[in-house]
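**Student:** Dropping the structure in here first, questions after.
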Amino acid sequence: EPGDPFSIYYLGLAYLNKEDFERTIQVWRGYRNKTNPQVEEEIDRHLTLIQIAQSRKFAAKAIAEEKQVTTVKPDSNTVAVCYYQDLSPDKSLRAFQKGLAAMVISDLTKIKSIRVVERIRLQAVLEEMRLGQTGLVDSRSAPRLGRLLGAKNIVFGSLTLGSIKAVTALALSDKGAVMGSSSVSVDKEKFFELPMAIVRETANIMGVVLTDEEKKAIGVPHTKVYKALVYFGQALDALDSGKWKEANEFFSMAYKEDPGFALAKEGADTCPGIDYPSLNSLSNISGAKLSARVESSVSAAGGPKAVVTSLPDVLSGSGYIVPDTVGVDLGAIGSSGVNLEGMAPSGGTEEPVYEQTYTPPMGAGYPQVY
């Protein structure tokens with residue numbers, strides 16, 4: 001049943017065991033569990049690991065197959081937002097580099113006609129390009145980055161002090177040229193106006209006309225507390241370095257500075273714990289290993305241990321036909337949460353059939369990122 005946390009949980013585990021990270025991410029993004037928020041939190045934290053693992057696999061493949069990738073025409077409305085270069089003498093705007101990019105990405109997802117590359121995927125490709133430490137992209141490297149990401153539009157720029165000045169450029173990956181640029185300056189106390197201005201200018205350069213609803217959504221500041229943004233930027237740096245504990249602390253500090261800072265709260269809620277797999281291990285980690293870890297964490301969080309009357313209801317749409325089972329604690333069935341042995345796919349073959357899958361709703365509340 002679409003929206004049912006029990007069904008979504010096990011369907012995601014089934015995909016994870018099949019090494020289908022993309023579908024696992026798609027399914028678990030729709031997971032909600034009001035009766036047991038601890039379970040939802042564990043799934044969200046592991047979802048971050050899965051996104052990092054998937055992004056690293058994507059990046060490695062893109063680099064390995066770069067010649068083929070560059071022949072594919074990118075989507076004209078896909079945008080990748082790079083980190084802004086800190087040109088201040090004392091490098092005091094370092095936290096702005098990733099923090100500003102994250103806020104711009106978040107705001108761009110509110111424009112329905114634009115698809116946005118996730119920051120985690122951007123980071124993975126930058127690392128494969130040996131730009132992971134600095135994250136700095138210019139007019140020369142932007143086109144290549146865009147082709148590897150499958151994004152036609154690349155937003156990049158620089159930051160300078162005085163009043164905080166953001167110079168933004170939009171490069172086209174298929175033509176290797178800068179399509180347009182803009183410059184916005186604000187007083188330090190008005191730093192929160194930068195993301196809004198950058199998004200409006202980006203849309204304008206792309207020729208995207210914003211609706212009144214989109215203008216209103218973009219006009220809401222993420223945070224007006226400068227210190228909260230600094231902590232948030234430091235959290236992203238720590239997350240990208242695999243320092244889970246440090247990242248969690250910075251996200252929490254940002255949220256403490258501004259309880260209305262939704263991105264900071266999301267970061268704290270989805271950041272992997274200190275006992276989670278290391279960053280380096282995620283490049284080659286198997287779906288089965290991740291699945292076993294998710295199940296162990298979810299079980300420790302108190303679920304799912306509901307007794308159901310029919311396993312087909314749990315796996316509806318996955319292609320499996322199984323006999324009714326009464327009084328079964330699904331939390332204890334198999335290493336993947338579902339015992340796949342002896343279960344015959346509807347097509348009569350031995351391989352699982354995933355013809356009809358649950359697709360979470362898109363639109364408001366579900367960012368258009370990939």
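**Student:** Can you spot a residue in region 97-110 that is part of a loop (DSSP other than H, G, I, E, B), in the same structural domain as Lys152 (by TED's automatic domain parsing), β-branched (Val, Ile, Thr) and out of contact with any His (no Cβ under 6 Å at 6 or more places or on another chain)?
**Tutor:** So far as region 97-110 goes, yes, one or more of its residues are part of a loop (DSSP other than H, G, I, E, B), in the same structural domain as Lys152 (by TED's automatic domain parsing), β-branched (Val, Ile, Thr) and out of contact with any His (no Cβ under 6 Å at 6 or more places or on another chain).
**Student:** Of the conditions (1) within 12 Å of Leu159 (Cα to Cα); (2) under 23 Å from the mean Cα position of the chain (by Cα); (3) at pLDDT below 90, Ser76 satisfies every one except a single condition; which number is it?
**Tutor:** It fails just one condition, (1).
**Student:** Does Pro272 count as over 24 Å from Tyr10 (Cβ atoms) and either modelled with pLDDT of 95 or more or of a type outside the set (Ser, Thr, Tyr) (or both)?
**Tutor:** Considered against the rule, which asks whether it is over 24 Å from Tyr10 (Cβ atoms) and either modelled with pLDDT of 95 or more or of a type outside the set (Ser, Thr, Tyr) (or both), Pro272 comes out as no.
**Student:** One residue is enough: does region 258-275 have a residue meeting the conditions aromatic (Phe, Trp, Tyr), outside the structural domain of Val81 (by TED's automatic domain parsing), over 16 Å from Phe96 (Cβ atoms) and surrounded by 17 or more Cβ atoms within 10 Å (Cβ to Cβ)?
**Tutor:** Scanning region 258-275, I find no residue that is aromatic (Phe, Trp, Tyr), outside the structural domain of Val81 (by TED's automatic domain parsing), over 16 Å from Phe96 (Cβ atoms) and surrounded by 17 or more Cβ atoms within 10 Å (Cβ to Cβ), so the answer is no.
**Student:** Taking region 255-301 as the region of interest, how many residues are within 30 Å of Asp107 (Cβ to Cβ) and part of a loop (DSSP other than H, G, I, E, B)?
**Tutor:** 9
**Student:** Any residue that is of a type in the set (A, V, I, L, M), free of Cβ contacts under 8 Å to residues at least 40 places away in the same chain, in contact with a Gly (Cβ under 7 Å, 6 or more places away or on another chain) and surrounded by 19 or more Cβ atoms within 10 Å (Cβ to Cβ) - is there at least one of those in region 148-166?
**Tutor:** Looking for residues that are of a type in the set (A, V, I, L, M), free of Cβ contacts under 8 Å to residues at least 40 places away in the same chain, in contact with a Gly (Cβ under 7 Å, 6 or more places away or on another chain) and surrounded by 19 or more Cβ atoms within 10 Å (Cβ to Cβ), one finds none in region 148-166, hence no.
**Student:** Pick from region 45-57 the residues that are of a type in the set (D, E, K, R) and over 14 Å from Arg293 (Cβ atoms): which of them is farthest from the chain's Cα centre (by Cα)?
**Tutor:** For region 45-57, the residue satisfying everything is Lys57.
**Student:** May I pose another question? When Ala228 is evaluated against the numbered criteria (1) at pLDDT below 95; (2) in contact with an Asp or Glu (Cβ under 8 Å, 6 or more places away or on another chain); (3) small (Gly, Ala, Ser), which criterion, by number, is the only one it fails?
**Tutor:** (1)
**Student:** In region 1-91, which helices (runs of 4 or more DSSP H) lie fully inside it and hold 3 or more residues that are free of Cβ contacts under 8 Å to residues at least 60 places away in the same chain and among the charged types (D, E, K, R)?
**Tutor:** Filter on region 1-91 gives an empty set.
**Student:** While we're looking at this one, here's another question. Just to be sure, is Glu214 touching a helix residue (DSSP H, G or I) at 6+ places or on another chain (Cβ under 6 Å), modelled with pLDDT of 95 or more and either surrounded by 15 or more Cβ atoms within 10 Å (Cβ to Cβ) or outside any helix (DSSP H, G or I) (or both)?
**Tutor:** no
**Student:** Within region 169-190, can you find the residues that are buried (at least 19 other Cβ atoms within 10 Å of the Cβ) and in contact (Cβ under 8 Å) with a residue 40 or more places away in the chain?
**Tutor:** Ser173
**Student:** Among the residues in region 230-240, are any more than 19 Å from the chain's Cα centre (by Cα), surrounded by fewer than 20 Cβ atoms within 10 Å (Cβ to Cβ) and either within 17 Å of Glu266 (Cα to Cα) or of a type outside the set (Ser, Thr, Tyr) (or both)?
**Tutor:** Within region 230-240, none of the residues are more than 19 Å from the chain's Cα centre (by Cα), surrounded by fewer than 20 Cβ atoms within 10 Å (Cβ to Cβ) and either within 17 Å of Glu266 (Cα to Cα) or of a type outside the set (Ser, Thr, Tyr) (or both).
**Student:** Can you list residue pairs whose Cβ atoms sit under 6 Å apart, with the first residue in region 103-117 being of a type in the set (A, V, I, L, M) and the second being part of a loop (DSSP other than H, G, I, E, B)? Count only pairs 6 or more apart in sequence or on different chains.
**Tutor:** Met103/His222; Leu108/Ile114; Val116/Thr109
**Student:** On to the next question. Can you pull out every residue in region 65-114 that is loosely packed, with under 15 Cβ neighbours inside 10 Å and either touching a Pro at 6+ places or on another chain (Cβ under 8 Å) or under 25 Å from Met253 (Cβ atoms) (or both)?
**Tutor:** Asp90, Lys91, Ser92 - these are the residues of region 65-114 that are loosely packed, with under 15 Cβ neighbours inside 10 Å and either touching a Pro at 6+ places or on another chain (Cβ under 8 Å) or under 25 Å from Met253 (Cβ atoms) (or both).
The values are calculated or read from the model by the stated rules, or taken from the named source; none is laboratory data. Everything numeric in this text was worked out from a predicted model, so none of it was measured. So basically every Cβ, Gly included, is an ideal-geometry build from the backbone, and we count neighbours across all protein chains shown.
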